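See structure below.
The values are calculated or read from the model by the stated rules, or taken from the named source; none is laboratory data. If you're wondering where the values come from, they're calculated on a predicted model, not measured in any experiment. Every residue, glycine as well, gets a Cβ built from its backbone with ideal geometry; the counts of neighbours run over all protein chains shown. Remember, those area values only see protein heavy atoms, side chains included, never the ligands or the DNA or RNA. Shrake-Rupley method; radii C 1.70, N 1.55, O 1.52, S 1.80 Å.
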Amino acid sequence: MTDNDNPAFGAALQPFMGIPSFMRLPVTRDLTGVDVAILGVPYDSATSNRGGARLGPRKIREMSMMIWGYNSTLNVRPTERLKVVDYGDVSIIPTSILHTMEAISATASEIIEQGTTLISLGGDHSIALPLLRSHAKKFGPLSVVHIDAHIDTWEAEFAAIPYSHGTPFRYALQEGLIRKDAYIQVGIRGPVSNEKDYAEALELGARMITIHEVMEKGIPAVLAEIHARVKGPLYISLDIDAADPAYAPGTGTPEVGGMSSYQLLSLVRGLRGLDIVGCDLVEVSPPFDHGDITSILASNLTFEYLSLLALKKE
Ligand code: MN
Ligand code: MN
């Protein structure tokens with residue numbers, strides 16, 4: 001696709017004009033020849049604190065109008081190498097996590113079984129479990145880079161139901177969707193956990209790179225370890241609260257002392273060269289945002305995903 005084919009990449013339409021699909025890419029469910037599909041998953045009923053992430057996909061799409069298509073750091077124009085479409089949203093059911101998880105798995109499988117790589121925009125982090133189920137079904141047990149302030153390997157928060165946005169990786173590990181030797185958490189911090197929570201995450205198999213370790217060693221050392229550990233197909237799950245609330249206030253469970261926008265961008269860019277088979281970006285809650293900065297960061301991180309997939313195709 002050239003600038004002329006898509007006005008979003010040129011000057012014919014300003015960011016505030018037109019209909020905001022992601023980067024103004026075609027909205028279609030016809031995946032013939034499509035390399036990558038962007039999928040919204042506007043579900044936030046599994047949050048334990050503040051809601052609003054159901055409004056994330058739409059706002060991220062709106063903010064993506066400012067992305068013109070060339071990644072100057074990675075020197076790639078993803079939509080030139082890849083056919084990318086906006087697949088729209090999963091038909092979630094706000095009052096039923098079980099029905100919603102089934103709908104997410106079904107829609108994700110519908111896409112990836114056709115050979116199209118999926119980038120999912122949440123929504124709260126509970127959506128990662130059905131997404132991992134679909135990806136593991138196609139690719140086998142996955143290496144996972146989980147970027148987050150929180151471990152999300154808790155046991156059921158609410159007795160009646162095991163699933164919430166704090167539990168997806170526990171069940172993904174227990175269901176064998178994730179390789180225990182290649183599950184890496186990055187950015188973990190905050191006062192919401194205790195020693196037992198952290199010990200449990202480690203017992204489940206996590207290599208936990210805390211925010212302290214990130215800041216002490218720096219992003220290049222973290223990336224070196226990720227590249228050494230990851231084997232085979234890699235799934236990336238990114239909770240926007242990994243960023244410091246100064247950079248991403250629009251999220252349900254903010255934790256002080258996180259990564260800057262630049263550190264987060266560098267971390268994602270540094271995953272270049274790995275066999276990325278799927279990605280999600282979750283927990284953007286526009287009602288708590290200021291000046292849309294969280295959604296702008298999220299749309300740019302999504303563009304980095306696209307750039308990595310474009311380089312993979314090279
Ligand atoms: Mn989190
Ligand atoms: Mn999370």
> Over the chain, what percent of the accessible surface lies on carbon and sulfur atoms, probe 1.4 Å?
Replying inline: 55
> Among P162, V186, A108, whose Cα sits farthest toward the positive end of the charge dipole of the stretch 108-201 (+1 at Cβ of Lys/Arg, -1 at Cβ of Asp/Glu, about the Cα centre)?
Replying inline: A108
> Ordering W154, W68 by how much accessible area each has at a 1.4 Å probe, largest first, what is the list?
Replying inline: W68, W154
> Can you give me the pair-distance distribution of the stretch 45-106, C-alpha pairs, 10 Å bins, whole percents?
Replying inline: 16, 35, 27, 20, 1
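Too long at a 22 Å Cα-Cα cut-off: which of K83/K313; K138/K313; K180/K312; K231/K312?
Details: K83/K313 11 Å; K138/K313 19 Å; K180/K312 25 Å; K231/K312 15 Å.
In this structure, K180/K312 lie more than 22 Å apart at Cα.
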>> Through the Karplus equation 6.51 cos²θ - 1.76 cosθ + 1.60, θ set to phi - 60°, convert the phi angles of the stretch 235-247 into ³J(HN,Hα) values in whole Hz; use x for Gly and Pro.
In response: 10, 10, 10, 10, 8, 4, 6, 4, 6, 4, x, 5, 9
> With θ set to phi - 60° and the Karplus curve 6.51 cos²θ - 1.76 cosθ + 1.60, what are the ³J(HN,Hα) couplings of the stretch 109-118 in order, to the nearest whole Hz, using x for Gly and Pro?
Replying inline: 5, 3, 7, 6, 5, 8, x, 9, 7, 10
>> Under the 0.36 nm per residue contour assumption, what length would be gained going from the current alpha-carbon distance of D30 and F158 to full extension?
In response: 42.2 nm
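What Kirkwood radius, in Å to one decimal, follows from the Cα pairs of the stretch 1-143? The partial results should precede the final answer.
Details: mean 1/r = 0.0622 Å⁻¹.
About 16.1 Å for the stretch 1-143.
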>> Just to be sure I understand the curve: with the Debye formula and one point per C-alpha of the stretch 165-314, what is log10 I(q)/I(0) at q = 0.13, 0.16, 0.18 Å⁻¹?
In response: -0.59, -0.93, -1.20
> Can you give the charge dipole size of the chain about its Cα centre, rounded to the nearest 20 debye, using +1 on the beta carbon of Lys and Arg and -1 on the beta carbon of Asp and Glu?
Replying inline: 680
> Is the shape of the stretch 26-313 best called rounded, prolate or oblate, per the rule: a/c under 1.5 gives rounded, else a/b larger than b/c gives prolate, else oblate, with a ≥ b ≥ c the square roots of the Cα gyration tensor eigenvalues?
Replying inline: rounded
> At S260 and A221, where each label point lies 7 Å from the Cα along Cα→Cβ, what is the point-to-point distance in nanometres?
Replying inline: 1.8
>> Below 13 Å, Cα to Cα, which aspartates and glutamates can K217 reach? Residues fewer than 8 away in the same chain don't count.
In response: E225
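Excluding ligands, DNA and RNA, what is the solvent-accessible area per residue of the stretch 26-313 at a probe of 1.4 Å, expressed in Å²?
On the way: 10460 Å² over 288 residues.
I get 36 Å² per residue for the stretch 26-313.
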> Amide H to amide H under 5 Å from L142: which residues, 5+ apart in sequence or cross-chain, H placed 1.01 Å off N in plane?
Replying inline: I178, R179
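With N residues in the stretch 223-295, what two-decimal value do you get for its Cα radius of gyration over 2.2 N^0.38 Å? Write out the running numbers ahead of the final one.
Values: Rg = 13.5 Å, N = 73, 2.2 N^0.38 = 11.2 Å.
Ratio of Rg to 2.2 N^0.38 Å for the stretch 223-295: 1.20.
Suppose we keep just the DSSP beta bridges with both residues in the chain; what percent of those would be antiparallel, to 5?
On the way: 2 of 39 bridges.
The antiparallel fraction comes to roughly 5 percent.
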> Whose amide H sits under 5 Å from the amide H of D280, counting only residues 5 or more places off or on another chain, with H placed in the peptide plane?
Replying inline: S120, I236, S237, L238
>> Can you compute the modelled spin-label distance between N75 and K231, with each label point 7 Å from Cα toward Cβ, in nm?
In response: 3.4
